[in-house]
Amino acid sequence: MGALDLLGNFFKKQTPQETNYLSLTITSDQILATIWQLEGKTLKFIGHSEKGFHNIDSLIHETAVVIDDAATKVKNDVSQVVFGLSYYWFEDGQISKETLNILKNLADELELEAQAFVPIAASINHFLKIEKSAIPNVVYLGLFKDFTEAALIADDKATPQTYKGEANEDNIVHILEQLKTKSGKKLPHEIMLFSTNQKDHLAKELKKMDLAQIFEQDITVKILSAEEIAKCVAYSQAADVLGYEPTLSLPPGHEQIVENAETISQKEDVTVPSGGFDFREGEDVLAAEILENAASEVETKQAEEISNVSAPKRAEDYAVELPAQEDEHVYESPKEMVEQRSQKHKKKFLDSLLTLSWLSNLRLPIGSGNSKKWLLAGAAAVVVVLVGVFFLASTITSAQVILKANTQSYESDFDVSAIADAALDPTQDRIPAQLISETVADSQQAQATGTKKVGNNAKGAVTVFNWTTNATTFDKGTIIISKNGVKFNLDDVVQVASRSASTPGQATVPVVAQDFGSSGNISGGTDFTFQKYDELLYSAKNDNAFAGGDEKQITVASADDVGKLEKTLTESLKQKAKGVLQGKNQQQQIDDNAIDLKVTKKQFDKKIDDEATIIKLDMEVEASVLVYDQGILKDLLSQKASQTQSKLESKSENIELLQTNVKRNKSSLIISGNYRANLTPKLDEDDIKNKIAGKSVKGAKAAVQATGDFVDLEAKFTPNLLFFSTIPKNKSKITLKVEVNK
């Protein structure tokens, strides 16, 4: 069983038929819970529920609600759980440390025994193998709020690709192109779509997109419901419990995977071949020990903060609706969730400390005297700690002060040169560029459309007559013409004697028609004249008919066919090279007009006018491109915008490129267009630091607002010593940053 042998050992202690199993699937914004049992080799689904969530604390609460809802028909407790995870919870193909901590905390607070985790794409792979009794070859597409994921499910593994952004048309095409590049070939046409919202709309939009360059043929879209995804995870869990593949159980009314949101034919008790399927290394990972050990680095501080928050011990205690969530922010990563929760618990701890609510939990020894002594000792300790923290805050704390300013908009055109290995030079409107290259090759075929007539030339023999008094010799190739205008060439040298009295000299010589075709099949007894001689002096005649002349029309490779094929393949190689170059230089800007192609190999299998039905071209090109950093371009434009003002300035982060055009020269790019700069007040750092040094955040905010240039202020302290949030008196420990007030 590979990575999950320990899972099987755990379940040997129990009778599978008597155990309730929990498959808990978590995407970036939704929780799916399915509870099931084993009846022999068949899964019996007891309950299913699903719910959205917004942050870690919400995740734990909503998970409890979902499990409680799914377990309404369960008599015995549910504790063993396998997690099905979206790739949102992974980092560089591996489950992140933050995710492991989140899962461990969730399992601990809900009293669940975490057994393992499996990516959603891998669970779909397992289920399709059971359903189809064959290795699947499909594309999984998961579309969630502000997160998009895809995976190529082929060769018994799932190859993932993710995008941190909403599932609009451009992002879907982008992630599918990346998946195609990663796989090295066009993607299979069948798409398994799972979305937490707008799935019918997205399925229709997918079919409208131009995906011909990505998929091997026209796509079909199969929509997976949340319940079907949860059951895919359940079948993966069941395979590990049994040690072999379970039996599909599809009672009447149960919906199987649906194509285009319509129910397909029902199946009942379909048994798949034995042999089992393993949780593959890299796809399905033993989590029991990992979840137990991976969080040890953070438990000393974070776990203490978490334990201070009172938490129910049973799922039923959670099965009540919480007040409406104030923060419905979708976090970019699990790490951001952890950081946000840590900040919340720090704030809760500070509030408790300032209100002295912690005294209600303080246990003192019996007796009023002892109680007073303990209380005084505790108060003294608190004072010492506070004084120490205040001293540290006054000496070692540094602060980044973010000044919020209203902006004025400035728009202008630009014309900038990007030159290889140059330095940034605003006076010359010049930025550095980098020349990179890549060699790509491919082959392509095209239908031949040219036509040409071919055939055989008629042949025969003539008798040449010489009416002169001198012997005459005619060279091979001498032209004679029939009475109907058909030309023939003598096929040999012939010498004809002079006439004798009234009898001309005679000689026989073979002839060949100049052109192929049946027109050269001249009948016997035809008279001929010589093209360059008087017919009264020389003539010819055939005694027998000429034969062998014929013609036909064939398809050939035309110059137009060859030219179009070369143009099409060249453009294809250009786009292929651009994809490879962009994949290796994701931070750089690559434009089609910046790519220069040099053909290093070009070989047609047919020449022009060769008979052919298909023409094949093998081509290799070296694509070189000048790339530039858009951030450096914005730096230059911000400097140019600032030069136009006396009291305002522009920062590169406040530059918006409205239109950009690129033209490639041999060793440079000409970048033109227009931009908008959001101008903020020029910053006198010494003056601002003098105004805010040693003040509280509130006092510093009032001081900068009084200048009339800034409307708000934020401060970030390092280290953050809880409630001692005073701007340092030492101005060297203050850094200033101006941001646009939004």
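The values are calculated or read from the model by the stated rules, or taken from the named source; none is laboratory data. None of the values given here were measured: they were computed from a predicted structure. Every residue, glycine among them, receives a Cβ derived from its backbone with ideal geometry; neighbour counts consider all protein chains shown. The area values use the complete protein model at the heavy-atom level, side chains included, leaving out ligands, DNA and RNA. Shrake-Rupley method; radii C 1.70, N 1.55, O 1.52, S 1.80 Å.
Selection within segment 687-736: residues that are part of a strand (DSSP E or B) and over 43 Å from the mean Cα position of the chain (by Cα). The member of this set that is surrounded by the most Cβ atoms within 10 Å (Cβ to Cβ) is Thr726. Of the residues Glu98, Glu166, Glu131, the single one that is open to solvent by 10 Å² or more (accessible area, probe 1.4 Å), assigned to a helix (DSSP H, G or I) and under 30 Å from Lys186 (Cβ atoms) is Glu131.
Set side by side, the residues Gly477, Gly485 differ, and just one is surrounded by fewer than 15 Cβ atoms within 10 Å (Cβ to Cβ), on the phi > 0 side of the Ramachandran plot and in contact with a Leu (Cβ under 8 Å, 6 or more places away or on another chain), which is Gly477.
For segment 435-455, check the following and say yes or no: at least one residue is open to solvent by 80 Å² or more (accessible area, probe 1.4 Å), within 27 Å of Thr526 (Cβ to Cβ) and in contact with a Phe, Trp or Tyr (Cβ under 7 Å, 6 or more places away or on another chain). Taking every residue of segment 435-455 in turn, none turns out to be open to solvent by 80 Å² or more (accessible area, probe 1.4 Å), within 27 Å of Thr526 (Cβ to Cβ) and in contact with a Phe, Trp or Tyr (Cβ under 7 Å, 6 or more places away or on another chain). Within segment 676-685, the set of residues being open to solvent by 40 Å² or more (accessible area, probe 1.4 Å) and either closer than 16 Å to Ile632 by Cα or free of Cβ contacts under 8 Å to residues at least 12 places away in the same chain (or both) comprises Arg676, Asp684.
Looking at segment 485-521 only, could you name the residues that are part of a loop (DSSP other than H, G, I, E, B) and modelled with pLDDT of 90 or more?
Gly485, Val486, Asp491, Asp492, Val493, Ala497, Ser498, Arg499, Pro504, Gly517, Asn521
Cβ separations smaller than 9 Å between residues 6+ apart or across chains give the following pairs from segment 422-441 residues that are under 28 Å from Glu571 (Cα atoms) to residues that are of a type in the set (A, V, I, L, M, F, W, C) and open to solvent by 60 Å² or more (accessible area, probe 1.4 Å): Pro432/Ala423; Pro432/Leu424. The residues of segment 598-636 that are closer than 18 Å to Lys578 by Cβ and basic (Lys, Arg) amount to a single one, Lys598.
Give me a count of the residues in segment 14-67 that are part of a helix (DSSP H, G or I), touching a residue at least 60 places away in the same chain (Cβ under 8 Å) and under 12 Å from Val241 (Cα atoms). Counting residues in segment 14-67 that are part of a helix (DSSP H, G or I), touching a residue at least 60 places away in the same chain (Cβ under 8 Å) and under 12 Å from Val241 (Cα atoms) gives 1.
With respect to the conditions (1) under 16 Å from Gln434 (Cα atoms); (2) in contact with a helix residue (DSSP H, G or I) (Cβ under 7 Å, 6 or more places away or on another chain); (3) of a type in the set (S, T, N, Q), Ser638 lacks only one, and its number is (1). Kindly evaluate Gln645 against the criterion of being under 20 Å from Ser437 (Cα atoms), assigned to a loop (DSSP other than H, G, I, E, B) and of a type outside the set (Phe, Trp, Tyr). The answer is no for Gln645.
For (1) open to solvent by 10 Å² or more (accessible area, probe 1.4 Å); (2) of a type in the set (Gly, Ala, Ser), each residue gets a yes or a no:
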{"position": "Ile67", "(1), (2)": "yes, no"}
{"position": "Ala70", "(1), (2)": "no, yes"}
{"position": "Lys75", "(1), (2)": "yes, no"}
{"position": "Val82", "(1), (2)": "no, no"}
{"position": "Leu85", "(1), (2)": "no, no"}
{"position": "Asn105", "(1), (2)": "yes, no"}
{"position": "Glu111", "(1), (2)": "yes, no"}
{"position": "Gln115", "(1), (2)": "yes, no"}
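Answer yes or no: is there a residue in segment 150-163 that is touching a Pro at 6+ places or on another chain (Cβ under 6 Å), free of Cβ contacts under 8 Å to residues at least 60 places away in the same chain, assigned to a strand (DSSP E or B) and open to solvent by less than 60 Å² (accessible area, probe 1.4 Å). There is at least one residue in segment 150-163 that is touching a Pro at 6+ places or on another chain (Cβ under 6 Å), free of Cβ contacts under 8 Å to residues at least 60 places away in the same chain, assigned to a strand (DSSP E or B) and open to solvent by less than 60 Å² (accessible area, probe 1.4 Å).
Mind checking which residues of segment 198-217 are at pLDDT 75 or above and open to solvent by less than 70 Å² (accessible area, probe 1.4 Å)?
Glu205, Leu206, Met209, Leu211, Ala212, Ile214, Phe215
Evaluate the following for Asp108: is it within 17 Å of Val82 (Cβ to Cβ), assigned to a helix (DSSP H, G or I) and of a type outside the set (A, V, I, L, M, F, W, C)? Yes; evaluated as a whole, the condition is true for this residue.
Apart from one condition, Gln659 fits all of (1) in a loop (DSSP other than H, G, I, E, B); (2) under 30 Å from Asp413 (Cβ atoms); the exception is (1). Listed by first and then second residue, the pairs with beta-carbon distance under 9 Å, at least 6 apart or on different chains, first residue in segment 506-534 and free of Cβ contacts under 8 Å to residues at least 40 places away in the same chain, second open to solvent by 40 Å² or more (accessible area, probe 1.4 Å) and among the aliphatic types (A, V, I, L, M), are Ser523/Ala545; Gly524/Ala545; Gly525/Ala545. I need the full set of residues from segment 621-675 which are among the aromatic types (Phe, Trp, Tyr) and either open to solvent by 60 Å² or more (accessible area, probe 1.4 Å) or within 28 Å of the chain's Cα centre (by Cα) (or both), in order please. The one that is among the aromatic types (Phe, Trp, Tyr) and either open to solvent by 60 Å² or more (accessible area, probe 1.4 Å) or within 28 Å of the chain's Cα centre (by Cα) (or both): Tyr628. Looking at segment 169-177, is at least one residue within 26 Å of Ile26 (Cβ to Cβ), open to solvent by 90 Å² or more (accessible area, probe 1.4 Å) and modelled with pLDDT of 85 or more? Taking every residue of segment 169-177 in turn, none turns out to be within 26 Å of Ile26 (Cβ to Cβ), open to solvent by 90 Å² or more (accessible area, probe 1.4 Å) and modelled with pLDDT of 85 or more. Listed by position, the strands (runs of 3 or more DSSP E) contained in segment 525-587 that have at least 3 residues being at pLDDT 90 or above and surrounded by fewer than 17 Cβ atoms within 10 Å (Cβ to Cβ) are 550-556. Close Cβ contacts (under 9 Å, 6 or more residues apart or on different chains) running from residues in segment 484-505 that are free of Cβ contacts under 8 Å to residues at least 24 places away in the same chain to residues that are acidic (Asp, Glu) comprise Leu490/Asp475; Val493/Asp475. Among the listed residues Lys180, Lys231, which satisfies the condition of being within 24 Å of Val580 (Cα to Cα) and part of a helix (DSSP H, G or I)? That would be Lys180, the only listed residue that is within 24 Å of Val580 (Cα to Cα) and part of a helix (DSSP H, G or I). Whenever a residue of segment 406-418 is open to solvent by 60 Å² or more (accessible area, probe 1.4 Å) and at pLDDT below 90, its partners that are in a strand (DSSP E or B) and of a type in the set (Lys, Arg), lying with C-beta atoms within less than 8 angstrom and at least six residues away or across chains, give the pairs Ser409/Arg676.
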